[in-house]
Amino acid sequence: MSKPKVAFYWCASCGGCEEAVIDLNEDLLTVADAVDIVFWPVALDFKKKDVEAMEDGSIAVSFINGAIRTSEQEEMVHLLRRKSGLVVAFGSCAHLGGIPGLANFHNKAEIFERVYKTVPTVTNPEGIYPQTETKVPEGTLTLPEFYDTVKTLDQTIDVDYYLPGCAPPPDLIMGAVQAILAGELPERGTVLAPDKALCDTCPLAEYKPEKLSMSQIKRPHEVLHDPKQCFLAEGIICLGPATRSGCGERCINAGMPCRGCFGPTREVKDLGAKALSSIASLIGIEEEEEMTEEELEKALDNIVDPAGLFFMYSLPSSVLRRRRIK
Ligand code: SF4
Ligand code: SF4
């Protein structure tokens, strides 16, 4: 009997999701034994034309990581969608836009200006930018088009399932692979991780005071974190109340607050807005007295980059989606 065909593809991402597949360790051999990997540009020498030659729908599942920011990525995910029975958005960037999605605070013109002109390490006196077509004696060289706006995978093609995380942890990846192989998948559109907030599973939850108020906001490097204290009680913003669990509390266990890479639970529409409102509800009371406007402003001044903090992984999937630039 022929094995199910599987593809992996990499769009706008750091490569960590590809590493996460390798992090399956010996389980990777189990996966490789059970499936036929027919496309995985980072590891195997298959070409786009090999995918084009496949019958539509003949790939059982494509795991696609990274956000969509160029015409090449857009074209490849449309191709993989056509060829695949299932598409899984793999990791925060495909799921929510991720760190590359923070580019939506700028547009192409601003990014090119910075990257190709004003970065101190760049020398470009003629101000030359990459072109989608360049004529040379041998012919025409082409580059993909760089879009103004970074999109999530499901803003580009239909997505069947989501594996959240930066990067998704091995136990969730294996769980998803086993569910696909056994044909025991949940409802289409499901995020393949527990639908509970991180605070519900966090080892520091027992130290979270019932009545919590933040009169001061501190940045992680300003506090010697007590491993028996909830970050919020220390005045450090943690997005755990609005973030889906399932990561194994990786950041918390490493002494860092959650930044929301797993995205929201099912009932939350916009992770950044929810986190912002839950933090806002904690600020304003000091020793049972309402803080003055001046004290409030001083406390909020310590949130150096609020938009970048609350929407660190989720800007393209948020209601805001991008900064409006006139
Ligand atoms: S706010 Fe952060 S540190 Fe506190 S219980 Fe929730 S996830 Fe844990
Ligand atoms: S603690 Fe938060 S940011 Fe860190 S891995 Fe878990 S969900 Fe992602």
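Going 7 Å from the Cα of Asp27 toward and past its Cβ, which residues in the range 231-259 have a backbone nitrogen under 19 Å from where you end up? 245-251, by backbone N distance to the label point.
Evaluated with a Cβ-only charge set (Lys, Arg +1; Asp, Glu -1), the chain carries a dipole of roughly 880 debye about its Cα centre, given to the nearest 20. For Pro41, the shell of other residues with beta-carbons less than 12 Å away shows a net charge of -2, using +1 for Lys and Arg and -1 for Asp and Glu.
To the nearest 10 degrees, how steeply does helix 71-83 sit against the main Cα axis of the chain, on a 0 to 90 scale? Helix 71-83 and the main axis of the chain meet at about 70 degrees.
Principal-axis analysis of the Cα atoms of the chain puts helix 170-182 at an angle of about 50° to the longest axis. Distance between the modelled labels on Asn124 and Lys108, one decimal in nanometres: 1.4 nm (7 Å Cα→Cβ projection). Using the Cβ-Cβ distance between Glu289 and Lys228 with R0 set to 45 Å, the FRET efficiency from 1/(1 + (r/R0)^6) comes to roughly 0.95. Would you mind checking Lys48/Lys326; Lys3/Lys49; Lys83/Lys135; Lys208/Lys274; Lys3/Lys269 for any pair whose Cα atoms are more than 26 angstrom apart? Lys48/Lys326; Lys83/Lys135; Lys3/Lys269, as the Cα separations exceed 26 Å there.
Can you list the aspartates and glutamates whose alpha carbon is less than 14 Å from that of Lys196, not counting same-chain residues fewer than 8 positions off? Result set, ordered by chain and number: Glu249, Glu267. Here is the list for the range 205-286: trypsin sites (Lys or Arg not before Pro) lying in DSSP coil, each with at most 15 other C-beta atoms within 10 angstrom of its C-beta, are Lys211, Lys228, Arg266, Lys269.
For the chain, the longest principal axis of the C-alpha atoms and the axis of helix 271-280 are separated by about 10°. Here the gap between Met1 and Arg324, fully extended at 0.36 nm per residue and compared with their Cα-Cα distance, gives a gain of 110.9 nm.
Computed extension length for Glu72-Ala254: 61.8 nm, one decimal, from 0.36 nm per residue of separation with the Cα-Cα distance subtracted. Note on the chain: antiparallel DSSP beta bridges, both residues inside, total approximately 35 percent of the bridges counted.
Once the GluC sites (Glu not before Pro) in DSSP loops with at most 16 neighbouring Cβ atoms within 10 Å are cut out of the chain, the longest remaining piece is 56-125.
All of the numbers you see were taken from the coordinates with simple rules; none came from a lab. Keep in mind that this is a model prediction, so the values were computed, not measured. Note that each Cβ is placed from the backbone with ideal geometry, even for glycine, and that neighbours are counted across all protein chains shown.
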